[in-house]
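Take a look at the structure below.
The values are calculated or read from the model by the stated rules, or taken from the named source; none is laboratory data. This structure is a prediction, so every number in the text was calculated from the model and none was measured. Cβ placement follows ideal geometry from the backbone for every residue including glycine, while neighbour counts extend to all protein chains displayed. Surface accessibility is based on the protein's heavy atoms, side chains included, excluding ligands, DNA and RNA. Shrake-Rupley method; radii C 1.70, N 1.55, O 1.52, S 1.80 Å.
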Amino acid sequence: MESTETFSLPPAYDPKSVEFRWYGEWEKSGFFTASTDSSRPAFSMVIPPPNVTGSLHIGHALNNTLQDMIARFKRMQGYNVLWLPGCDHAGIATQNVVERELRKEGKTRHDLGREAFVKRVWEWKEKYGATIMSQLRNLGCSCDWTRERFTMDEGLSKAVRKVFIDLYNEKLIYQDYKLGNWCPRCQTALSDIEVEHKATQGNFYHIRYPFAHDPTHGLEVATTRPETLLGDTAVAVHPEDERYTGLTGKSVDLPLANRRIPIILDEYVDKAFGTGVVKITPAHDFNDFAVGNRHNLPRINILNPNGTLNENAGVYKGLSVAEARKKVVADLEGLGLLLKVEPHEHNVGHCSRCGTVVEPYYSKQWYVSMKSMAEAAMRAVAEGKTKFVPPSWQVEFNKWLENIHDWCISRQLWWGHRIPVYTCEDCQVQTAAETMPAACTNGHKGRMVQDPDVLDTWFSSGLWPFSTLGWPEKTKDLSLFYPTSVLVTSWDIIFFWVARMMMLGLKFMGEVPFREVYMYSLVADAEGKKMSKSKGNVVDPLELIDRYGTDALRFTLTSIETKQRYVALTPQKLESSRNFVNKLYNATRFVLMGLADGTELKPLSKEDWDKLALEDQWILTRLSQTIAEATSDYEKYRVAELSQNLYRYVWNEFCDWYLECVKPRLYAEANSTEKKLAASAVVTVLDAILRLLHPITPFVTEELWRKLPGRTESIQKASWPKAGDYPVNEGAVKEFEFLQEVVTAIRTSRSDFSVPPASRVKVAVLGEKDIHDSTAKIQNLVKNLAKVEEIGQASAPPFASAGLPVSKGEVFVLLEGFVDLPKEITKKKAEIEKLEKYVQSLNGKLSNEEFVKKAPAGMVEAEKLKIKESQEKIANISRNLKLLEK
């Protein structure tokens, strides 16, 4: 006999004490560690590595909740699961953090020198870099911490160098001058994802460019960046724009620059926008760069790396962009060439790390040729080697790869993987090598200099699925866990990360890096707006954990994950999830209290199935169906459906109906036959519920599981429930659904007429023989659940009663003696009048042709549904009113 202590729980659930206690035990016990000698089938995932500078945000919380849910589910299914964690070195972000520290000391990185600065960054990483990994533990993440990796640890660095050298030797990596994003403060090239576009109030400056053949006339050009005219090399008009017919071969004099530039024809120009004339600045605008290439225009760079104007800007040399803009505008106005200035809001790119305005900048960078690798990636997806969830993302994936540009991989930073290319100072020949060569290929010794740039952070993270498993060495992990099973990531990095991992995985492993890609939603605020620090609507998941508990946050995140681009996180949903966790806790406590009398508890056997009460057969049949649905939902990543189905089964069916039905038997005399059978059934269902919920809500399910009789090991070691292990009785389901109809009808009628909750009422059933037979079978349950004293038969609707239809007939609650009939008659007449006015107003709205024409999709149907529901209420109230007035 187990101690009654086993069957006790504190009155209220305290998430903080439970979460802290269980996570430490889980990690210490090695539950999360994958085996290389297991006979179980392998299942693997790599974590999208958060920045080493990062702290947990709501996107991380959703991403890692989903991964943890999958990992725990697969372990329970019997898989040997590797969920590999790690961090990205985050080149720009980390360098900025350390440079800010240096500025507090009155120093710059140049004061330290490269070697000392890099050492300082490593020191910072060792001191602060584990923050987010600790926070992932707070979230309950069951990562294999024994295999944690960092994109700049020695093994991964070796992989990066090998990939670069191999691509370089295949001539797939090259250097060239091109236009790219540039941060003047960080003084480095940026990827598109490192540029945040913000709505900025600026101006349209209308400038006259005088014709070379007739300086008194010219072309009117509108621009938001007047200072860039110093780098103009042409003016373009659309070839079919009749306003500018006859200008082919003509030129204009470039204001302030003492240069003559051609008028060119190009279909890039939008005839309908502005004046239909566009200044072309190939070295400072991406569209202009493409136009310049088509027309062989020169590229004039007017900027220094620090964002000031260079010698190509003439008298404006040394000015910042903002200063030059003011002076250029003033000088144009002085020459009478500034025609007008109009306010104009437009999107301006800013560095995501330091907030500086990003400039398109013409510079020499390292590039990867992408075309052949992109074709291989598209082919692998077309062949089904990697599948997207939802499948629509395959279209986006292909669209980007079909139009792919070569990848700029160099960054002008000190923190990161330094480019392994060495140049001979004597003959300028370049060599890509693991370490500095003693001599160049021409035999010059001791004159080799390493390229100063580092690689784009996405270069090393593109190798993540195989570099983390030990490549280029042939490790057990690599052979067992590559390709990984699924990648869980947000859709906004499908191009920056997912596509690059696909291309590099195929190139260097000859196999896709993952079998499935699950693209989840981005979490928006309660109003559906994207979260950002500038908007002040960022939600801290650690604060939510503190307020609601980890399980409630996790359940909320899964319940809103509908695979739309954005999903809204609201306080109401968090409250609902917290209430759900508390409901589960209280339900378990209720069951355990019923077991505390020492009743002998045996597992429910197949021999017991025929002896089960109706409510047991119903809840177990629904359990079998719920297990089948949940298993399919887990496997197909139907996360919101999964959460909703489990919520409905646990709260509505198990707690609200089943426990109410089984309560008299569960709390019957100790060791009585009915109690033992009821206890076995209840524990059987509760056991399965905890296992079904564990991947989503690991802490509360572990706590409750350990309190169930006979559970001495962690729930993580429990197997996943199988639908076939539980009895199925479809007839019992139909019978119980009829019970629910009858009880709901009685409860509704009682509520509508304010019958005191504790009063036991009489009920009359009207209908054919079937309904009376069916009601007779369930009458004890009806009496218990709906506070009914007596159930009789009626041949006609009884006087002073309230009735509602059910399958096969109607159920009436006899009201006499419980309500003031004259008062209720007056009240019901007022209700009918109110509803009739409401229907009249809705009909008036729908008869308005303008409303119907302009109403959003679905609104008209919604209004019609309101009319139908209101009319049904009127009919029901009118019918009951007649019964009161007899």
TODO: Would you mind telling me which numbered condition in (1) assigned to a helix (DSSP H, G or I); (2) more than 18 Å from residue 718 (Cα to Cα) residue 74 fails?
DONE: (2)
Open item on the list: Which residue is farthest from the chain's Cα centre (by Cα), if the candidates are limited to the stretch 732-757 and must be surrounded by 15 or more Cβ atoms within 10 Å (Cβ to Cβ) and charged (D, E, K, R)?
Closed with: 750
Task: In the stretch 850-886, residue least open to solvent (accessible area, probe 1.4 Å) [restricted to those that are part of a helix (DSSP H, G or I) and small (Gly, Ala, Ser)] - done: 870
Open item on the list: Just checking, does the stretch 225-237 include any residue being out of contact with any helix residue (DSSP H, G or I) (no Cβ under 7 Å at 6 or more places or on another chain) and surrounded by fewer than 17 Cβ atoms within 10 Å (Cβ to Cβ)?
Closed with: no
Task: Matching option when the condition is without any contact (Cβ under 8 Å) to a residue 40 or more places away in the chain and open to solvent by 10 Å² or more (accessible area, probe 1.4 Å), among 657, 720, 705 - done: 705
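Table: residues versus (1) touching a His at 6+ places or on another chain (Cβ under 8 Å); (2) assigned to a helix (DSSP H, G or I); (3) within 25 Å of residue 73 (Cβ to Cβ).
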position: 460; (1), (2), (3): yes, yes, no
position: 474; (1), (2), (3): no, no, no
position: 486; (1), (2), (3): no, no, yes
position: 492; (1), (2), (3): no, yes, no
position: 496; (1), (2), (3): no, yes, no
position: 499; (1), (2), (3): no, yes, no
position: 507; (1), (2), (3): no, yes, no
- [ ] Kindly indicate whether residue 71 is within 23 Å of residue 459 (Cα to Cα) and not acidic (Asp, Glu).
- [x] no
Open item on the list: Checking residue 598 against (1) of a type outside the set (Val, Ile, Thr); (2) in a helix (DSSP H, G or I); (3) open to solvent by less than 30 Å² (accessible area, probe 1.4 Å): exactly one of these is not met. Which one?
Closed with: (2)
TODO: Select from the stretch 304-336 the residues that are open to solvent by less than 60 Å² (accessible area, probe 1.4 Å), part of a helix (DSSP H, G or I) and among the β-branched types (Val, Ile, Thr) and list them in ascending order.
DONE: 321, 328, 329
Open item on the list: Can you tell me which of (1) within 30 Å of residue 166 (Cα to Cα); (2) in contact with a Ser or Thr (Cβ under 9 Å, 6 or more places away or on another chain); (3) open to solvent by 70 Å² or more (accessible area, probe 1.4 Å); (4) not β-branched (Val, Ile, Thr) is the one residue 426 doesn't meet?
Closed with: (2)
TODO: Residues being open to solvent by 50 Å² or more (accessible area, probe 1.4 Å), more than 16 Å from residue 202 (Cα to Cα) and modelled with pLDDT of 90 or more: count how many of those fall in the stretch 342-367.
DONE: 1
Task: Residue among 671, 645, 729 that is open to solvent by 20 Å² or more (accessible area, probe 1.4 Å) and free of Cβ contacts under 8 Å to residues at least 24 places away in the same chain - done: 645
Task: So residue 750, is it outside any helix (DSSP H, G or I), at pLDDT below 95 and charged (D, E, K, R) - done: no
Task: Checklist (1) in contact with an Asp or Glu (Cβ under 9 Å, 6 or more places away or on another chain); (2) open to solvent by less than 70 Å² (accessible area, probe 1.4 Å); (3) farther than 30 Å from residue 109 by Cβ applied to residue 442, failing item - done: (2)
Task: Pairs, first touching a residue at least 40 places away in the same chain (Cβ under 8 Å) and open to solvent by 60 Å² or more (accessible area, probe 1.4 Å) in the stretch 368-392, second in a loop (DSSP other than H, G, I, E, B) and among the β-branched types (Val, Ile, Thr), C-beta under 6 Å, six or more apart - done: 385/512
- [ ] Of the numbered conditions (1) out of contact with any Leu (no Cβ under 7 Å at 6 or more places or on another chain); (2) more than 30 Å from residue 17 (Cβ to Cβ); (3) of a type in the set (Gly, Ala, Ser), residue 91 fails exactly one; give the number of that condition.
- [x] (1)
TODO: Keeping to the stretch 537-558, report how many residues are over 18 Å from residue 519 (Cβ atoms) and part of a helix (DSSP H, G or I).
DONE: 15
Task: Count - residues of the stretch 759-773 that are touching a residue at least 40 places away in the same chain (Cβ under 8 Å) and in a loop (DSSP other than H, G, I, E, B) - done: 2
Open item on the list: I'd like to check something: does the stretch 263-284 contain any residue that is open to solvent by 30 Å² or more (accessible area, probe 1.4 Å), in a loop (DSSP other than H, G, I, E, B) and among the β-branched types (Val, Ile, Thr)?
Closed with: no
Open item on the list: Can you tell me how many residues within the stretch 787-834 are of a type in the set (Phe, Trp, Tyr), farther than 23 Å from residue 871 by Cα and open to solvent by less than 80 Å² (accessible area, probe 1.4 Å)?
Closed with: 1
